[in-house]
Structures are given as structure tokens and as C-alpha cells.
Amino acid sequence: MDELQEILNSEVADGAERPCITSSTFNDLDLKGLNKTEIKSIGASPVSGGLDTFLGNLIMVLPIYRRNMVPKFESALMTRPWWSTLTETFGICALRKRGGLQHCSYKEILRFWSAIPGCLPRVNIAQVVWEGATIPPGTSFLMFYVILVRLIMAFEIVSPKEAKGRPVLNALDSSAVPTSLTLVANPFKVGFKNTTANCTQIHGKVSNFSSTAYSKAIDASGPVNHLADFNDPSYWLKDISHQGLAAFNSNPPGYKVFRNVKDFGARGDGSTDDTAAINAAISAGGRCAPGVCQSSTVTPAIVYFPAGTYLVSTSITPYYMTQLIGNPNELPVIKPTVSFQGLGVIDADIYVNGKQGWGSTNVFYRQIRNFVIDLTPIPPNVAATGIHWPTAQATSIQNVQITMATASNSLQQGIFIEDGSAGFISDVNITGGLYGANIGNQQFTMRNLVISNAVVGISQIWDWSWTYSGLTISNCGTAFSMSNGGSGAQNVGSVNIIDSTINNCPVFVSTAWTPNSSPPAAGSLIIENVVLNNVPVAVTGPSGTVLAGTRGSMTITTWGQGHKYTPNGPTSFQGSFTPVARPGALLGSGTNRYYTKSKPQYAASPVASFISIRSAGARGDGSTDDTTAIQNALNSAASSSKIVFFDHGTYKVSNTIYIPPSSRIVGETYAVIMASGSLWSNINGPMPVIQVGRPGDSGSVEWSDMVVSTQGSAPGAVLIEWNLNAASGSGMWDIHTRIGGFRGSNLQVGNCPTMASPIPWTCLAAYMSMHITESGTGAYLENCWFWTADHDLDDASSTRVSIYTGRGLLVEASTIWLYGTAVEHHGLYQYNIANAHFVVAGFIQTETPYMQPVPNALTQPYPISPALSDPNYTSCLSGNCDALGLRILNSQNIFIYGAGLYSFFNNYNVHCSDAPASGGVENCQSEIFAIEGVDTNNIWVYSLSTVGSQSMVTVDGASLAGWGENQAGFSDMIAYFTYRIG
């Protein structure tokens, strides 16, 4: 270095200009007093600071930018008038210190090629005057950002035409010298096109480095769409072209399905009140508002939130059939003001004139995902709620964080649910507050809730039954409280907690149950495979500790309380019991917990990975036959590893749609495939509408966020047939069948009124909702609702309809997961598990058709098929012989973690399900859960809840359990049931 420094010194002395730090040091009059050693130190310091990685990083940013950033940002950047010249670019970069695009580009580089922060911040030690502006001492200069933004603003970066000239983007293979400490990039080609001609100049200059000047520069540029979206990371759902069509809306071309809140004026800057803008984005287009409209399928919406912090002063109110979706790659933050007014920051069923805007048991088809809700601006002693979520089927919350202050006097709650008939929630993290979750509903499935630092982790207000899996509750006074109402009036029917961990809580479960508590079967509790770490009391009751915990670590293999049948009973019990013999095929890899998989969102997939079904030629207008376009797109996508995106629409098909192995399919806010035509007219010749694999196929399929329906008479339609021998990770998430009761179905109140006699053939609408065939091993279903409509969703009064379908869900395969599923209003049965083994399910929920027993299960219009293992109903118990909620036939190793089997009506008369406390005698039907067959064994059922059935369990035609000895309030409850175990 000494020799090189002498050469450079000599050249500079002779008047040469050399673009390097040491040369600048020689020429700096303020540094003339430095000796050679000091000058050498200055020249070497950038190397230790990361300058040695600079060139490699700068080189590799070009292909990364070309690949990842250009599709969304390039055209917008080229027309940004306030970034028009290079000097302005430098000024803006210095102002922002975190320019959105260059920051994202460089973060991408750092992920692959450098462990050293290459932004190279440097601070000037003396005042600098630049372009008439004075830069004070101590100003940070982000060197790489400045160079990068100049480069990408001055040029359009073009990919090479030939593949051999393209760069290697693999982190391990990109370096020509793999042993080098810094990147030496392999040669590649890239083109540069001058874009100066496309730039326009704003009036005036940036006169000083202040936020005020920056704001003025922005304002001078005029309106720009999604101004702050340059700080919003790439996410395919917001980047893709939005072509969703509400086919049966009064104005399909003019109605916007996808809405970005920033298009409606939201700033997301953490200081502007965005409430009005967000609610405007939700309500635009004449949508179904609370207290005004009971339900609607013709005004669906995705309301998208880019990354940012959204300040709100009153509740965000999602309308009917709304999905609130944030960017999963950088969760948007919703933050209330200190003076916030409203029940919930997100209030999904706002109170209007003292009552909920929608009946909570009829609020279907909505989601919240990918948000942070930060309640900390509100003092902890002021009541506040993150999400108010009374809801019903086909609804979910996923990937949400709720933060509250940690305080013993807190009055806040993360999630509040007071009623409904739901539902599914997963992957929610809640910190602080009085209650992490304060919740009550008929039934629910919740998975992967992480709650910490609350006074009470979960407060169970009431339920008929509830299943929790994968809870992690830490540092709470009481992890789980289910003692509401006390021993004399227990409000909680039953709770199942499995595969969970409780850390550093004085008490795990607080319960009001005793052998003499009332109602006698309420307060049931099942604990299975729960780890306690520093939890001194596992279960406490009215008289103190019931089950001791530990100051160390322990696992509760099984423990419970309530009524049990093994299979005879009832026996009142409190203590441990024989656990489920879990087969390895149902467990996650390397764990003793059941396998689960959250709904894929493809957050890391670029928009180029997707094929839009409308861009592929399908119309989705509810009238065009889209069969060929859909099939061609699915075939092409599977063979090219693409993901098919069903833009919202109603896609009419006249032939079976085959989903081949390797398919990935995602819908936009419940896009609909609607079967229509003669293929499905034969009641004795069933044909699938959707066929997931053919018999003999194996591989992977992921399918989410769609609805399958029929139009008019379709007595031979099997809406979904799963034949695929599925690889791990395959599944269906938020896939629903909706048979009738919506505009365009030709199965509405005007077509299929109640009490019609004889039964109109035009209202025979489906042979079966779903069939998992013998070859369909490994099917995974999560939050799927198979519904024959009982009322018209698009009728102003939600008038009831009579629509006739044959079968609900038939399972004939092995290794099946059914999480948070529901099957309702099919004439022969809801769930039929026949000749199957290794099935885990919970929570499952059913309803019997409202018109039964007119006709009953034996006389309903669909012929019984022995080939499909139909129940024949020739030996019903006395009383109404209605469709079974659950039937298990010649099957083994069936594990039900919560089942709600409900029968509310006797030919539309509801008094048969009146509560026992009101004189009800539960006589809507005679039996609802049947176990049959000599080969049936190893059956476990936890928390069996029934309504309206005289017998709760029958075995080979004989009743084992009646409702009268198992009263739990409105519902009846058996905590623990086994059959032929061991």
C-alpha cells in the first residue's frame, strides 16, 4: 500500500484526477496536515466498513431489480416528475434516507450476497453547500442508495435476449470465485436504455433537506396513484391485474371487487386519521351494510391494506362478504387514536339501535388476515377491543397480531365474540390486556393462538362446544377460564384443548364444574397432550386445586371432566382416561402432535407465478360456458408449476373440471364454479363437477378460497370428488359448497318455496357435496362448509327455501384430516365415514334439513345406494326418522375432537328444539349419530354436543345415550365417548 500511495501522490501532484478516497484526501485543503500513515488509514477504512462488497452488490442489483422490481414499479418511476433529474434524485434520497424502491432492491441483494450493511452511511463533519442548499454538519449520506437510485432512474434495465447471457441468481453459484470473501460476479449481460427523455422537471428546486421540502416536492408532482406503495413490498395479490367480476351484481362492469384503501385516500403514515377512507373503501358500490341489508352474494370485496400504519378514530366496519387483507410480507398496522370511539378497532358486526347489524348466526363468507392491531395508544384502564367477531360459517381470521399494554388494571381484550355459529381462527398472536380472547359462540375451531402477558389468556364466556389446538399461552395470571356462571349455572358446555403449551402461568384452567354442578353435563373439559412449564396449578375448581401442576415441566397426556360413555354410561368423571392411540400417519413430522397446515398465501411468489383464469379466456359472467378455458388453464398451470388465480366471478361449466396433480389454485373472495347442464340431470348416474385427481393419480394439490355450486336442477351432481393419493401438504382451505339460495342459482325463494307439494324436480340440486373416494388418501380439509341453502341469501328478508340434496360428505379413504368443517341440510346424511381408517376431525358441525320429516330420510327423493354405503333407515328408532348428522360404518381409528350435531326443526316448526329449561323435549328427530358394522373399532369422540335429538348415540340400531341424562343447557353433552378401543 505504501508503494501504491506514493505513485498516487505523485500523479495527483502532477495534476491528475483519480476518483478514489485517497486521491480526494490528498486534494482536501482541510487535510493537508495529515501524515502518510493517517492518509493510509483513511484509505483503508472503507474496506473494513464494507466497501469491498460494494462493487459486487452494485453489479448484482441489476438483475435482481430487473427480475423482482420492474414489473410493478418501473413504469411509475419513469413518470415521477419530482424525481426527474439526478440532482433531485440525490436530494430526495438524502431526505428520505430510506427510499422505498432502492431500499427494497438493496434488501434483496443483502439477502443473497452480503452480510455487511452496504448502505455505507457516512456523516459530513463540515458544512457543505450543494446546488444552493446548505447541508449542515452531521448529515448522513447513504452512499449505495444514492448510486443505486441514480442508476435505476437514469436507465431502463433490459434483460438479455439469449438465455446464455442471463445472470446466475443462485447465492452459491453466482460468484466466479467461490472462496472469495467478497462477491466476484460471473459475467452476464444486461442492457441499459436512456430514460432521460421520459422525465419531466418540476418547478423549482429542493431548497433544503427537510421533511417540509420533501412534502412540497411530492405535492408539486400532482396526483400519483399509490404514492406510498413504493414502501409496500411486492405481493402477488396486489400486483396482479384485478379483473374480478360480480356476475350477478346490477352493474357487473362498474362494480369493483378489489379495493386498495389508498385509492380511497388512506395514507397509512401513522398520523393521518384514515378511518373515513378505509370505511369508504369497504362500503363503495352499494354494498350490504349492517342494519340495512341482511345478506348478499352480489357485492363481494377484497379490501387491501398496503404496508403502513393506519390511524383510526372509530371502528372499521367490514360489510357482508368482505375480506380485509394486509400485505403478508410487511403486515400493515392499524392503530386507534387515544380518544378512539367504538366497540372494536375492527367491528365485524356493529351494533345498530341496540342490536347487531346482522344476525350473527347468518354472517357468512368473510375473512381478516395479515394485520397488526396496536391498542397501546389507548390507556390500559380504558376499555378497548382489537377485533369484535360474532360470526358464522365460512369465516376466518389468520395471521393477525394484537398488541395491548401489559397492566393488572387493564380493561382491554384482543378478540371479543359474544355469539354466532362459527367458525375458524388460526395463527393469531395476542399480547397484553385483561383478556387475550373473551369469547362465546355455539362452536368454534381455533388453532395456533399465541397469547402472552394478559391477566386471563382466554375467557370462555359460553359455548355448546369448542376445540383449541396448538395454543401457546405464557405469562398470564390464568391461562384459560371457563367458570362463567359458577357451579349453579354453568354457561360453558364443553372445551377441548389439545397439542398445546402453557408457560409461566399460576393457573392453567379455572373451572366451575363439580359432580353436583348444574346443568349436569355442562362444564365438560378434555385436555390431551398439553405441556406445562412453571404452571403450579393445572386445574382449579370452586374448592381449590383439582389437578396439580408443576414448578418445572410436565405433560398432561389426558385429563377431563364431565359425562363419559365407554361405551356404556353415563358416568360422571374427573381425572385421567385412556388417551387416543394416535397413529403416526396423522402426526406432524418428528412430533407427537397432529399434522396441521395453514392456508397457503404464496406470499413469496412473484406475480409471474400466477395464471389469471380470466386472462386465460374464462369469462366468469355466470352465462358463458367456461369449461374449456378453465380446463386448459389448469392443465397448463400444472405442467408449468404455475398457480391458477380465479379472479372473482361465477364460472359456469357444463362438464367435469379435472384438477391434475401439481395444481395450486386460489380464488379471489370465493370465486364460484357453477355446474349447469344435462351432464348432472340423472339422479341414478352421479357425475363430479370438480374432480381432484383421477383414481390412480398421486401428487400434490392446494386449493383455497372458492365456492362450488349448481344452477337449477342437478340431481346427479357430485360437487367435489377427491380421488388423489395426496402428498403431504395437499389440501383444501376455505373451499365451500353452496347449493341454492343465491342470485343466479335458479334455486331461490321464487323457484323453491317451502311446503311445496309435490316436491319440485327443479329443486333437486345435488347428489352429494363431497366424496373422498377409496383412493383419496391424505386429503386435508380446513374450514370447509358444505351447505344446502335453508334461506335465500339474496332475498331482502332472508326467506327460507326448500332445496333437496342427497348426501353431504362421504369419506372412504385413509389418513384424513377434517379441521373446522361443517356439513348442513342434506337429505340422507351430513357426514358418512364408511370403510375408512385413520381419520382425525374437529370441530365438526351439522344441521338436519329444516323440512324433514316431510319428507323424512327414508322417503326423501334420492334413491339409496348400497354401493355408496348409504344408511337405509329401515330400522329407525321411534320418532322422526331424519338424516343422520354423523355415521361411522366399518371404520377404524376415527378420532373426533368435538362434534355439534343439531336438529332444530320439525318441518320448519322450531319448538321441537326448545331448551329443556323451557319445557323442551328434544324430539325433532329420533337419532343423529350412528355407529354401525362388525368391523368398526377404535372410535374416540370428545365433546359430543347434540340439539333436538332424542338419542345422542346409537350402535347398530340401539340407543346407548339419551339426551335427558346429558343436559348441558340448550344443548346436550357427552364429554368422552369410546367404542371398542384397545
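The values are calculated or read from the model by the stated rules, or taken from the named source; none is laboratory data. Only a predicted model underlies this, so the values are computations on that prediction, with no experimental measurement involved. Please note: Cβ atoms are built from the backbone with ideal geometry, for glycine as well, and neighbour counts cover all protein chains shown. Just the protein is used for accessible areas: all its heavy atoms, side chains included, with ligands, DNA and RNA removed. Shrake-Rupley method; radii C 1.70, N 1.55, O 1.52, S 1.80 Å.
Please indicate, with yes or no, whether at least one residue in segment 911-930 is closer than 24 Å to LEU810 by Cβ and polar (S, T, N, Q). Among the residues of segment 911-930, at least one is closer than 24 Å to LEU810 by Cβ and polar (S, T, N, Q), which makes the answer yes. Could you go through segment 846-853 and let me know if any residue there is surrounded by fewer than 20 Cβ atoms within 10 Å (Cβ to Cβ), out of contact with any Leu (no Cβ under 7 Å at 6 or more places or on another chain) and among the aliphatic types (A, V, I, L, M). No, the conditions are met nowhere in segment 846-853. Looking at segment 809-822 only, could you name the residues that are part of a strand (DSSP E or B) and within 19 Å of LYS597 (Cβ to Cβ)? Scanning segment 809-822 gives VAL811, SER814, THR815, ILE816, TRP817, LEU818, TYR819, GLY820, THR821. Return yes or no: is ASN251 at pLDDT below 50 and more than 30 Å from THR361 (Cβ to Cβ)? No.
Looking across segment 541-571 at every residue that is buried (at least 17 other Cβ atoms within 10 Å of the Cβ) and among the hydroxyl-bearing types (Ser, Thr, Tyr), the one that is farthest from SER517 (Cα to Cα) is identified as THR558. Determine if segment 500-521 includes at least one residue that is under 27 Å from the mean Cα position of the chain (by Cα) and in contact (Cβ under 8 Å) with a residue 60 or more places away in the chain. The answer is no; no qualifying residue exists. Please verify whether TRP462 is open to solvent by 20 Å² or more (accessible area, probe 1.4 Å) and either assigned to a strand (DSSP E or B) or within 23 Å of LEU411 (Cβ to Cβ) (or both), treating the condition exactly as stated. Here the answer is yes, as TRP462 does meet what is asked. The set of residues in segment 968-977 that are out of contact with any Asp or Glu (no Cβ under 8 Å at 6 or more places or on another chain) and open to solvent by less than 40 Å² (accessible area, probe 1.4 Å) comprises ALA968, GLY969, SER971, MET973, ILE974, ALA975, TYR976, PHE977.
Just to be sure, is ALA585 within 23 Å of SER469 (Cβ to Cβ) and at pLDDT below 95? In short, no. Here are the criteria: (1) farther than 29 Å from GLY741 by Cα; (2) without any contact (Cβ under 8 Å) to a residue 40 or more places away in the chain; (3) assigned to a helix (DSSP H, G or I); (4) not small (Gly, Ala, Ser). Tell me which single one THR272 does not satisfy. (3) is the only condition that THR272 fails. Filtering segment 3-27 to residues that are loosely packed, with under 11 Cβ neighbours inside 10 Å, modelled with pLDDT under 75 and either outside any loop (DSSP other than H, G, I, E, B) or of a type in the set (Asp, Glu) (or both) leaves only GLU17.
Consider segment 470-525 and keep the residues that are small (Gly, Ala, Ser), outside any loop (DSSP other than H, G, I, E, B) and under 19 Å from GLN413 (Cα atoms). The one that is least open to solvent (accessible area, probe 1.4 Å) is ALA479. When we screen GLY354, GLY359, GLY432, GLY423 for residues that are of a type outside the set (Val, Ile, Thr) and touching a strand residue (DSSP E or B) at 6+ places or on another chain (Cβ under 6 Å), the only hit is GLY423. State all residues of segment 823-844 that are open to solvent by less than 10 Å² (accessible area, probe 1.4 Å), farther than 20 Å from SER926 by Cα and not in a strand (DSSP E or B); if no residue qualifies, say none. Result: ALA836, single match.
When restricted to residues that are within 13 Å of the chain's Cα centre (by Cα), outside any strand (DSSP E or B) and more than 16 Å from VAL363 (Cα to Cα), segment 395-454 contains 0. Of all residues in segment 807-851, those satisfying the criterion of being in contact with a Ser or Thr (Cβ under 6 Å, 6 or more places away or on another chain) and either at positive phi or at pLDDT below 95 (or both) are THR815, GLY820, HIS825, PHE838, GLY842.
Looking at segment 862-872, is at least one residue within 18 Å of PHE904 (Cα to Cα), of a type in the set (S, T, N, Q) and either touching a residue at least 60 places away in the same chain (Cβ under 8 Å) or open to solvent by 10 Å² or more (accessible area, probe 1.4 Å) (or both)? No; the residues of segment 862-872 include none that is within 18 Å of PHE904 (Cα to Cα), of a type in the set (S, T, N, Q) and either touching a residue at least 60 places away in the same chain (Cβ under 8 Å) or open to solvent by 10 Å² or more (accessible area, probe 1.4 Å) (or both). Can you tell me which residue is nearest to ASN231 (Cα to Cα) among those in segment 260-308 that are of a type in the set (Asp, Glu) and open to solvent by 10 Å² or more (accessible area, probe 1.4 Å)? So, considering only residues that are of a type in the set (Asp, Glu) and open to solvent by 10 Å² or more (accessible area, probe 1.4 Å), the one nearest to ASN231 (Cα to Cα) is ASP269. Tally the residues that are under 17 Å from GLN561 (Cα atoms) and either open to solvent by less than 10 Å² (accessible area, probe 1.4 Å) or touching a helix residue (DSSP H, G or I) at 6+ places or on another chain (Cβ under 7 Å) (or both), restricting the search to segment 941-967. Residues meeting the conditions: 7. Where strands (runs of 3 or more DSSP E) fall entirely within segment 652-699, those with at least 1 residues that are under 12 Å from THR710 (Cβ atoms) and not aromatic (Phe, Trp, Tyr) are at 663-675, 687-692.
From the list GLY750, GLY744, GLY716, the lone residue that is small (Gly, Ala, Ser) and out of contact with any Gly (no Cβ under 7 Å at 6 or more places or on another chain) is GLY750.
Please go through segment 890-942 and give me each residue that is assigned to a strand (DSSP E or B), over 14 Å from VAL955 (Cα atoms) and small (Gly, Ala, Ser), ordered by number. Within segment 890-942, GLY898, ALA899, GLY900 meet the criteria. Remark: pairs (first residue in segment 118-138, under 16 Å from ASP28 (Cβ atoms) and exposed (fewer than 12 other Cβ atoms within 10 Å of the Cβ); second residue at pLDDT 75 or above and among the small types (Gly, Ala, Ser); Cβ separation under 7 Å; 6+ apart in sequence or on different chains) = PRO137/ALA126. Specify the residue that is least open to solvent (accessible area, probe 1.4 Å); the eligible residues are those in segment 603-645 that are touching a Phe, Trp or Tyr at 6+ places or on another chain (Cβ under 6 Å) and over 25 Å from PHE742 (Cβ atoms). That would be ILE643.
Might you check whether a residue that is in contact with a Phe, Trp or Tyr (Cβ under 8 Å, 6 or more places away or on another chain), under 30 Å from THR650 (Cβ atoms) and in a loop (DSSP other than H, G, I, E, B) occurs anywhere in segment 575-597? The answer is yes; a qualifying residue exists.
For the structure I just gave you, tell me whether VAL934 is out of contact with any strand residue (DSSP E or B) (no Cβ under 9 Å at 6 or more places or on another chain), surrounded by fewer than 21 Cβ atoms within 10 Å (Cβ to Cβ), modelled with pLDDT of 95 or more and not aromatic (Phe, Trp, Tyr). Answer is yes for this residue.
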